[in-house]
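Worksheet for the structure shown next.
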């Protein structure tokens, strides 16, 4: 299982085996593993979600990766460049990048 263990900080690469999912790219902590399940072997608690989710694949990231507010807002601005967005959209995107729920992400 690629050396991932309970307690690791990870980024979800694929929520589902064959299709993209809303958790793709979200970060969180591995809370359980099921090496017998080839479809959803990783249970990850995503920051801001009320429960953990089983996902298909994850990648290990360093817990000290730069997720400061300044970095998240800068990245949100970059992602929204060329769109008709407001300051609230930038804040919502930064929240989403931090692993927040999808409900507040800009549409």
* Can you name the condition, by its number, that residue 20 falls short on among (1) surrounded by 12 or more Cβ atoms within 10 Å (Cβ to Cβ); (2) touching a strand residue (DSSP E or B) at 6+ places or on another chain (Cβ under 8 Å)? -> (1)
* Asked: (1) at pLDDT below 80; (2) within 14 Å of residue 97 (Cβ to Cβ); (3) within 16 Å of the chain's Cα centre (by Cα): which one isn't true of residue 64, the others all being true?
  -> (2)
* Asked: Could you count how many residues in the stretch 26-65 are in a loop (DSSP other than H, G, I, E, B) and in contact (Cβ under 8 Å) with a residue 60 or more places away in the chain?
  -> 1
* Asked: Within the stretch 31-50, how many residues are closer than 18 Å to residue 98 by Cβ and over 9 Å from the mean Cα position of the chain (by Cα)?
  -> 5
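The values are calculated or read from the model by the stated rules, or taken from the named source; none is laboratory data. As the structure is a computational prediction, the values presented were derived from the model and not from experiment. No Cβ is skipped: glycine too gets one built from the backbone with ideal geometry, and neighbour counts run over all protein chains shown.
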